[in-house]
1. Tell me whether the stretch 90-105 contains one or more residues that are loosely packed, with under 13 Cβ neighbours inside 10 Å, in contact (Cβ under 8 Å) with a residue 40 or more places away in the chain and farther than 23 Å from A15 by Cα.
2. When you go through (1) over 14 Å from the mean Cα position of the chain (by Cα); (2) in contact (Cβ under 8 Å) with a residue 24 or more places away in the chain; (3) within 30 Å of V2 (Cα to Cα); (4) open to solvent by 50 Å² or more (accessible area, probe 1.4 Å) one by one for K24, which number turns out not to apply?
3. Name, by its number, the condition in (1) aliphatic (A, V, I, L, M); (2) touching a Phe, Trp or Tyr at 6+ places or on another chain (Cβ under 6 Å); (3) open to solvent by 30 Å² or more (accessible area, probe 1.4 Å) that does not hold for L70.
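The values are calculated or read from the model by the stated rules, or taken from the named source; none is laboratory data. Being a predicted model, the structure only gives us computed values, none of them experimental. All Cβ positions, even for glycine, are placed from backbone atoms using ideal geometry, and neighbour counts span all protein chains on display. For the accessible areas, the whole protein counts, side chains as well, though only heavy atoms, and no ligand, DNA or RNA atoms are used. Shrake-Rupley method; radii C 1.70, N 1.55, O 1.52, S 1.80 Å.
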Amino acid sequence: MVKLTPINADGAPSAAASYSHAMKAGDFIYLSGQIALTPDNKLVEGSITDKAEQVIQNIKTVLEAGNSSLERVVKVNIFLADINYFAEFNKVYAKYFNVHKPARSCVAVAALPLGADLEIEVVAVENE
């Protein structure tokens, strides 16, 4: 039987509902969707670039709490409130996933929690 372990990361914004930042199942880590909240739970204002940077920092924080890293991400799901953000978002994404290129999906959605413009969830494996 696979052991399930919740991950709640210090330094990441608190969960907005009843969920963990991530769940570890065996060697895999499934992150809950991250939006552009600062660690003190304030929604980032500004460009999609600013928001994407915060989301990726949140993801890094949660992955590190689960003994993983961006280099161990195997799948990324991206949700944009406006598909017109796609090109600008990809510039930020490429800074972090340029050599290591996990599988990914990117979709436009009608709305995101707390009025966010961007949400990203990832699946990663634990560091060896």
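1. Yes.
2. Condition (4) is where K24 drops out.
3. If we test L70 against (1) aliphatic (A, V, I, L, M); (2) touching a Phe, Trp or Tyr at 6+ places or on another chain (Cβ under 6 Å); (3) open to solvent by 30 Å² or more (accessible area, probe 1.4 Å), just (3) comes out false.
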